[in-house]
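These notes are about the structure you will find just below.
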Amino acid sequence: MIRVKNLRKTFLTKQGSQAAVHGAEFDVAEGEIFMLLGPSGCGKTTTLRCIAGLETPDEGEIWIGEQLVFGDRGGTLLPVYKRGVGMVFQSYAIWPHLTVFDNVAYPLVHGIYKAPKREVKGRVQKALSLVGLERFEDRPAPLLSGGQQQRVALARALVYEPKVLLLDEPLSNLDAKLRAEMRIELRALMKRLNITAIYVTHDQEEALVLSDRIAVMHAGEIKQIGTPRDIYVKPQNDVVAGFIGTANLFSASITAVPRNGEEGSVSTPIGALACPLPPSVAVGQPVTIMFRPEDVVVRASQAGPSQNSLCGVVEQAVFVGSRLQCVLSVQGHKVHCEVPKSQLVETGQSVVVEIPRHAIHLLP
Amino acid sequence: MGRLRKIKALASGVIPWCVLVVSWLALLMPLQLVMRPGAETALVWEALADAAEAPSKGKQLLDELVRKAKQEGEVVATISSSWRKTLIQPLADTFRKRFGLDIKVTLANVESSQHFAMAIAETQAGAPPTYDVVQGTDSETMQLHGGGGTQRVENWEALVAEINPLVRSGKVRLDQIGQGPLRGQSFMFMANVKQLIYNTKLISEKDLPRTHAELGDPKYKGKFSQPPWTTHWDIGPAAFEKFNRNEWLDVVRRAGKNGGAVLYESAGVQRVVLGEFAFVLAQDRYMRQIFGKDPKAPIGYRFFDDYNGLTSFYHSVRTRARHPSAGTLFALWMTTPEAQAIWQPSDLQAVPYGDSAIDREFRLGIEKSKARVIGWLDNEKALEVLKWYGTDEGRKYLEAMARAIRGE
Amino acid sequence: MSASTRRPGGITTANALPLAFSWLILAVVIVLLAFVLYMTFVPSLPTEPGFTLKHWSNVASSRLLTRVIPNTAIVGFGAIFVGAFFALPMAWLLNRTTLPLRATFTTMIGITPVIPGFILAMGWIMLLDERIGLLNNVAASLLGFSSIPLSVKDSPWGIAWVLGLILAPAIFFLVAGPLCRIDPSLEEAASVVGMRHLTTLRRVTLPLVWPGILGGLIYVFMTAVSIFEIPALLGAASGKVPVLASEIFYSVRPGGPLTATFAYGAAGVYGTLLAAPSLVALYVYLRVLERTERYQVITGKGYRPRETDLGGWSWIGVGFVVLYLALAVGLPLLVLLWASLMPVLQMPSREALSKLSFTNYDGLFEGLGGFGVISNTVVLVLSVSLFVSFFSFMVSWVVVRTQAQSRKLMDMLVMVPHAIPSLAFAFALAMLGILASRWLPWLPLSGTLGIIAVAHVINRMPYGTRVMNSALAQVHRELEECAQVCGTKTPTIMRTIILPLIKPSVIYLVVWTAMLSFQEVTMALFLSGPHNNVLSVSIWVLWEGGNLGTAAAGAVAMVATTGLLMFGILRLAGGPTAGLVGREVGAAPLTKSQ
């Protein structure tokens, strides 16, 4: 549905030119919710704005449906208003001088999505009911709460039934609870309408919950594209691993390669660890290993002989409700881990840390 | 110009080139004009002169002029910027009625000191003049004349005699209407004389300065106002037998440093009436104006003993005028008592050769005080000075004089 | 965002329209500026041959450095100080508080520019002159002195004081628009953090309207140093307090037997002198504006101008506004009224009272030129304010809302006409008009209302773009981008989104431009022809012709009509603050349902 090829965009700043996006490439299938995830300044919003037509890329191609909307060869540049996309902005961009109804009706009254007068009211009401704002039609837009404004913005983006919806951090201005609710609701809505969406966020949790696929961006480049599960479980590099969830990352070197049913092992600054290794590696090769805090098992004392057990001291333990987040010191290195709330862990306590071998993931 | 180039360089890229081309063309346009001075002289008058061979045929000449004016269908003329707008309608109506004309008459208040520069530029550019007839002071008119901006009226003697009853009856001599180099070119119809206007509550007549030089006397420090223009001083060189330019400049400078303010005459007079200043150098008209409105106003006037400048006003028909015949009729008609009766009651300037109460009082006032009144065109010496002011040296002298008035 | 886009295909369609209009108006500006500059090298009239550097060499004198420039600086900065002292508190009081009678006060501030400058200067002399000043005399007799040497005359500080009072409305109107539209959540956030009101004002509100304020101050500085008539009446003309504006005037117009060929080129030289510091200031201003994002205060989020309830303090606020109005409006209006009722202006006394009459009002309508002049004035004022608003909007759009490389240059260029003395500007235009009548006879320029309109439009563009810049800088770009995505083109977005959002600023601009155009004399007089007389010229001509009483009567009529008109316009527009959402806020109860 959307195809972005070798997208490049450079901004001229006082310090000289600065690449905002270089070489972004991805395809979004029809009905898919595609997430651009990354820290601020990574180029994700610029990519989205290029697709919307609000920025003009320097190079590359952008296709929406069967139409080439931007191509550096042949100089194709379809203006924003002809691209037929819906967009929800970070600031909601609710026009403060209009009522809720007028805001939502705007695309149907002006511009190329103009609808016959008699249809407008029905369509606006339908859009508003989609987002659950049926009773707010006559309210001046500035008098809405944040969540309501967000819904108005969504209704306005949907009212002309675009095939593609672009969302630029739409939930970032809401409070935590509302945000969590809206995620689920938003996903349900988009799935119901079978809309193709590109969604920009820096909130990894939002990305994991909402998306069908995620592209993790960093410094203008796409580091990995994959399903939320892939991204989380099998990050392809330390940037992705570090950005999604909390990751324990250690550089390691391979001490044994798997052979004849025997497992491979690596030596790391926190000790020797057994772990699954791909067949292609060689002994002595430097690698990076990653494991997630929630996979780490912490015991007060050695329960019995087990693999990958290390000794550590609790440096910090924070109760976050459902569990405890701890930082341990193992051989002088920090290891993040999570402990069930039922388990009592105190700062300064000596513990045994077990890292299940299948939890260890080798970064290519 | 270097700056312009820089702007261009900065803007390159997005400024459409045509914009620059247009602006450069505009820059070059005047140069082009300079290289081809437009000097087509009007031929209307030669034809007229042929038609009027017999000298006593004033009536015939006039009829011919009126006929042409009717064909032209319009006349556009300036009137003094200080004349009331209520004068426009009666002037136009009476003018039309006098000659049986059914033409459009447009009269506009115009600041002659500003317009004459434009008028000269129009002539130099070969552009049609905005006005057919312009009103201006003697010195302004001389400049316009020098720049080729005025048209000579052939057989003007006969025409004036036909149109103006005072001339016909012999009461007014022709040289009172057309003087010196402006004879036959421009027609005098109004004049004012410079004087001292003072507040009788603040200073008595005998304490007023007698000569211009006395204005530098410390006892008048901060007590008077004078206008920023040089008209009160520039005719000085023609007024004295022995004259030294630098000494005169010192006199002006001392007076400038001694004065309380430099203000337009009208503002200066108002502030004398208010009591802020004791006296002001101004033209006689303001005196009449204030008395006209408030006979009890505490002011009086006095002439200087050394000299008092006379400013005469002329009408001239412009070169390349669109309506030369109607314009000529208007310029000549403005010298008549009929026209005077309309504008004089509100403007209150005198017609030196006129016969109204104001005119008589004007002449009487000068006679009684034995004041020496001097104008640019009434003697050779003044004319010489005026011509000298047109030279570079003269120009510089005037500039220095203008600065001296402001105490520099 | 200071980033600018490199784009392959040149100008995008979205910006083509504003760019085209901007360059149209700037082309006129460039041509005129080029001509003014050209004139500085011409000995006399531009139609005569010759080249000279004397205008430039004449300017260099020690007097300039030791007296003229220091005086000008005092006048300029003093006027800014006085103006800001009154205007900034008033702008806040009348736009963001619940002060009573706000609409009336705003209207009265709007009337000030209509009062002719000569009346203002007269008024201050009548009040403060050493010999006759009413205030001085009262104070002196109270204190037992014969006179008090407190005068506005012959001192740059006095001139700065009067100019500051006159120019305060300009700052007021520049700041009022932005102030109306500050997102109150920013202020609320500040008060939540525990800042007191004054601190909020200083730390949050002021920085937010800073572009508006700075733009206003630069503009006012340039105006203050280029106004001629008031310094002239207060002593600049006598050489006691020479300022650049008076130097310009007298270099252009020495008067005397050579009036017809005086050197307008010198005015261009002084204009350059005036323009240079102003452009430096402008550059600084642009640097501030570069951080536009910081000042985008209308966002698509919660947006309600909040009005501070002053409670018991409001009488102090009222007092402050009334004090200003008394000084800047009341006093001159009283003098104006007095002058119009006196046969000959004189100090109030028992004798003077017996002379009061309405004779000056007799035949006033015809005296001013009747219907012809009135309709000319209406056409001129309306077209000037319309064109200024339109072109300012277009230029500011390019400057603030696009990434066009030429935008900074545009912003500088459009500001330059403000530094060129009106007289030189009018002269250049008149000359071009004459040349045009020779080469392009079909162009209705010379002697028409059109040529005055062009002069006024160009002359008011600097102010217009200041207002529009600060207004547009405050509208968050996403509000516009969202409309683009919604399928609308730039013209529709301007009409349906941007203009309604900046409505208060636009209304202020229209009203203010109309007022200034209504009152402007110098250019209108210079460019006047047989058919384009306007009211201000009529009144000036009356005054200069010595008919102060009639001129004052005309001015009273002018002030009365414009006052009523302005009152009506502001009412129609919903008052000073109600321009946007005031009404809705007033009507709908606040609900916070989440």
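The values are calculated or read from the model by the stated rules, or taken from the named source; none is laboratory data. Quantities reported herein were computed from a predicted structural model and do not represent experimental measurements. Note that we place each Cβ from the backbone using ideal geometry, even for glycine, and neighbour counts take in every protein chain shown. Only protein heavy atoms, including side chains, enter the accessible area calculation; ligands, DNA and RNA are left aside. Shrake-Rupley method; radii C 1.70, N 1.55, O 1.52, S 1.80 Å.
When the expected Rg is taken as 2.2 N^0.38 Å, what fraction or multiple of it is the alpha-carbon Rg of the stretch A:43-90? It would help to have the intermediate numbers written out before the result.
Values: Rg = 10.3 Å, N = 48, 2.2 N^0.38 = 9.6 Å.
Rounded to two decimals, the normalised Rg is 1.07.
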inquiry  = List, by residue number, every residue in the stretch B:122-159 with a reduction of 10 Å² or greater in accessible area between the chain on its own and the complete protein assembly, 1.4 Å probe.
reply    = B:E122, B:Q124, B:A125, B:G126, B:A127, B:P128, B:T130, B:Y131, B:S139, B:E140, B:Q143
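Nearest 100 Å² is fine: what is the total accessible surface buried where chains C and B meet, probe 1.4 Å?
Values: alone 26060 and 19860 Å², together 37850 Å².
So the buried area, both faces added, is about 8100 Å².
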request  = Could you tell me what percent of the accessible area of the protein assembly as shown is made up of carbon and sulfur, with a 1.4 Å probe and every protein chain present?
outcome  = 59 percent
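To the nearest 500 deg cm²/dmol, what mean residue ellipticity at 222 nm is calculated for chain A from DSSP H runs of n ≥ 4 alone, each contributing -39,500 (n - 2.57), summed and divided by the residues?
Numbers: 8 runs with 83 residues, N = 364.
The helix-only estimate for chain A comes to -7000 deg cm²/dmol at 222 nm.
At a probe radius of 1.4 Å, figure out the A/C buried accessible area, summed over both chains, and give it in Å² to the nearest 100.
Details: alone 17480 and 26060 Å², together 39630 Å².
By this definition, chains A and C bury close to 3900 Å².
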ask   = Which value, in Å² and to the nearest 10, is the accessible area of A:S172 when all protein chains are kept and the probe is 1.4 Å?
value = 40 Å²
key: HN-Hα J in Hz across the stretch C:27-41 - Karplus 6.51, -1.76, 1.60, θ = phi - 60°, x for Gly and Pro   = 4, 4, 4, 4, 4, 5, 5, 4, 5, 4, 5, 4, 5, 5, 10
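What is the sum of charges around C:H531, taking Lys and Arg as +1, Asp and Glu as -1, for the other residues whose C-beta is under 13 Å from the C-beta of C:H531? If you can, show how the numbers build up before the last one.
On the way: positive: B:K104; negative: B:E74.
Surrounding charge for C:H531 is 0.
For every other residue with a beta carbon closer than 13 angstrom to the beta carbon of B:H145, add +1 if it is Lys or Arg and -1 if Asp or Glu, then tell me the sum. If you can, show how the numbers build up before the last one.
Working: positive: B:R152, B:R183, B:R318, B:K387; negative: B:D138, B:E140.
Net local charge, B:H145 excluded: +2.
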message = What are the ³J(HN,Hα) couplings of the stretch A:83-95, residue after residue, when phi is run through the Karplus curve with 6.51, -1.76, 1.60 and θ = phi - 60°? Round to Hz, x for glycine and proline.
response = 7, x, 10, x, 9, 10, 8, 4, 8, 6, 6, 6, 6
task = For C:R131, A:R118, A:R151, write out the residues from largest to smallest accessible area, computed with a 1.4 angstrom probe and no ligands counted.
result = A:R118, C:R131, A:R151
request  = Taking the Cα centre of chain A as origin, sum charge times position over the Cβ atoms of Lys and Arg (+1) and Asp and Glu (-1), and report the length of that vector in debye to the nearest 20.
outcome  = 940 debye
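Keeping all protein chains in place and using 1.4 angstrom, which order do A:R123, B:R173 fall into by accessible surface area, from largest down?
On the way: A:R123 60, B:R173 140 Å².
Largest accessible area first, the residues go B:R173, A:R123.
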request  = Report the paramagnetic label zone for A:A180: residues of the stretch A:323-351 whose backbone N is under 20 Å from a point 7 Å from Cα along the Cα-to-Cβ axis.
outcome  = A:323-326, A:338-342
ask   = In degrees, nearest 10, range 0 to 90: what is the angle between the Cα axis of helix A:117-130 and the longest Cα principal axis of chain A?
value = 20 degrees
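Could you tell me whether chain B comes out rounded, prolate or oblate from its Cα gyration tensor? Rule is a ≥ b ≥ c as square roots of the eigenvalues, rounded for a/c under 1.5, then prolate if a/b exceeds b/c, otherwise oblate. Don't skip to the answer; put the middle values down first.
Numbers: a/c = 1.84, a/b = 1.14, b/c = 1.62.
Oblate, since a/c reaches 1.5 and b/c is not below a/b.
Quote the relative contact order of chain B in percent (integer), defining contacts as alpha-carbon pairs under 8 Å separated by 6+ residues. Could the numbers behind the result be given before it?
Values: 656 pairs, mean separation 95.0, N = 408.
Answer for chain B is 23 percent.
In debye, nearest 20: dipole of the stretch B:80-172 around its Cα centre with unit charges on the Cβ of K, R (+) and D, E (-)? Intermediate results must be reported in sequence, preceding the final value.
Numbers: 9 positive and 10 negative charges, 87 e Å.
So the dipole magnitude of the stretch B:80-172 works out to roughly 420 debye.
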ask   = C:W442 versus C:L564, label points 7 Å from Cα toward the beta carbon: distance in nm?
value = 4.4 nm
key: Separation of alpha-carbon centers, the stretch B:95-115 and the stretch C:368-389, rounded to whole Å   = 24 Å
request  = Sort out for me the Cα centre separation of the stretch B:228-285 from the stretch C:329-351, rounded to whole Å.
outcome  = 28 Å
query = Per residue in the stretch C:416-447, which ones lose no less than 50 Å² of accessible surface when going from chain alone to all protein chains (1.4 Å probe)?
reply = C:I434, C:L435, C:R438, C:W439
request  = Please give the per residue accessible area of the protein assembly as shown, computed with a probe of 1.4 Å over protein heavy atoms only, in Å².
outcome  = 38 Å²
inquiry  = Compute the distance from the alpha-carbon center of the stretch C:57-113 to that of the stretch B:330-372, in whole Å.
reply    = 48 Å
ask   = Summing Lys, Arg as +1 and Asp, Glu as -1, what charge do residues with Cβ under 15 Å from the Cβ of A:I360 carry, A:I360 excluded?
value = -2
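Using alpha-carbon pairs under 8 Å, 6+ residues apart, how would you state the relative contact order of the stretch B:188-295 in percent?
Working: 134 pairs, mean separation 48.4, N = 108.
Relative contact order, the stretch B:188-295: 45 percent.
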query = Could you sort C:I74, C:I115 by accessible area so the largest value comes first, with the probe set to 1.4 Å?
reply = C:I74, C:I115
ask   = Given the protein chains as shown and a 1.4 Å probe, how many square angstrom of C:V243 are accessible, to the nearest 10?
value = 10 Å²
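Can you check how the C-alpha radius of gyration of chain A compares to 2.2 N^0.38 Å, as a plain ratio?
Cα Rg divided by the expected 2.2 N^0.38 Å: 1.20.
Over the Cα atoms of the stretch C:377-457, compute the convex hull volume and normalise it per residue, giving Å³.
Working: hull volume 9.0 nm³, N = 81.
It comes to 111 Å³ per residue, whole-number rounded.
Restricting the count to DSSP beta bridges whose residues both fall in the protein assembly as shown, what percent are antiparallel, rounded to a multiple of 5? Write out the running numbers ahead of the final one.
Details: 92 of 127 bridges.
Just about 70 percent of them are antiparallel.
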Delta accessible area of at least 40 Å² on complex formation, residues of the stretch A:95-119, 1.4 Å probe, chain isolated as reference = A:W95, A:P96, A:H97, A:Y106, A:H110
message = Which lysines, if any, have their Cα less than 26 Å from the Cα of B:K85, not counting same-chain residues under 8 positions apart?
response = B:K70, B:K97, B:K104, B:K194, B:K293, C:K355
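Expressed as a rounded percentage, what relative contact order does chain A have, with Cα pairs under 8 Å and six or more residues apart? Write down the numbers at each step before the final one.
Numbers: 791 pairs, mean separation 53.6, N = 364.
Once divided by the residue count of chain A, the mean separation gives 15 percent.
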key: Radius of gyration and maximum dimension Dmax of the protein assembly as shown, Cα, Å   = 40.3, 147
